[in-house]
Amino acid sequence: MLGEFNWRPRKVDAIFAAISKNQDVENIIGTHLLKSEVCYAGRGYCLALASFESVSARTFLIQYLDYYLQRSDLDFDQGSALGALAYLNPILGSDILSELIPAYNLWQQHRPHRSAAENVINNFEQQMASIATIREAVGL
């Protein structure tokens, strides 16, 4: 479903990958995130990448934020990517958040309808807790 040019199957498949920690699709999901070809799928991609807990997932998120936080004209999945990176920070260890949170705050000034960094990080943490609950419920 990740190959469909429609956000619904892409998002569903990314969430299934997150629940099952199916790292076989990590490069596909990371590439889709970077391209941002369809709307609404990015949050699912970020959930999947965070669930993989890998250095390459972190690299995709950093690449995404390095580019899209410089684009005040684009309002995509910057918050989800920041939340995913913050989720991975204690798992993989990194100091990159100290650079990216100020960049997010600058980007967010052009998007006052978007939540502050602290809120997107907390929201993403809650979503990852839901993924963990689903994993536990299905015995994964």
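The values are calculated or read from the model by the stated rules, or taken from the named source; none is laboratory data. All values derive from a computational prediction rather than experimental measurement. Here Cβ is always computed from backbone atoms with ideal geometry, including for glycine, and neighbour counts include all displayed protein chains. Side chains included, ligands, DNA and RNA excluded: accessible areas come from the protein's heavy atoms. Shrake-Rupley method; radii C 1.70, N 1.55, O 1.52, S 1.80 Å.
The largest accessible area among Ile28, Ile15 belongs to the first residue in Ile28, Ile15, and the rest follow in falling order (1.4 Å probe, all chains).
Charging the Cβ of each Asp and Glu at -1 and of each Lys and Arg at +1, and nothing else, the dipole of the chain about its Cα centre rounds to 260 debye.
The listed residues Val120, Val55, once ranked by accessible area (1.4 Å probe) with the largest placed first, stand as Val55, Val120. Surface calculation, 1.4 Å probe, protein heavy atoms: His32 sits at approximately 30 Å² accessible.
Could you work out how much longer the chain between Gln126 and Cys39 gets when fully extended? Use 0.36 nm per residue separation minus the Cα distance between them, nm to one decimal. Each step should come with its number before you reach the end.
Details: separation 87, 0.36 × 87 = 31.32 nm, distance 2.19 nm.
Result for the pair: 29.1 nm of gain on full extension.
The range 3-36 and the range 76-137 have Cα centres lying 18 Å from one another. Dividing the radius of gyration of the alpha carbons in the range 90-140 by their Kirkwood radius gives 1.12 for Rg/Rh. Our helix-only sum for the chain, with -39,500 (n - 2.57) per DSSP H run of n ≥ 4 divided by its residues, gives a mean residue ellipticity at 222 nm of -23000 deg cm²/dmol. Each listed q (0.09, 0.17, 0.22 Å⁻¹) maps to a log10 I(q)/I(0) for the chain, found by the Debye formula over equal Cα scatterers with no solvent: -0.23, -0.86, -1.42.
Extension gain, Ser56-Asp24: 0.36 nm per intervening residue step, less the Cα-Cα distance, totals 10.3 nm.
At a 1.4 Å probe radius, carbon and sulfur cover how many percent of the accessible area of the chain?
On the way: 3710 of 7240 Å².
Of all accessible area on the chain, carbon and sulfur atoms account for 51 percent.
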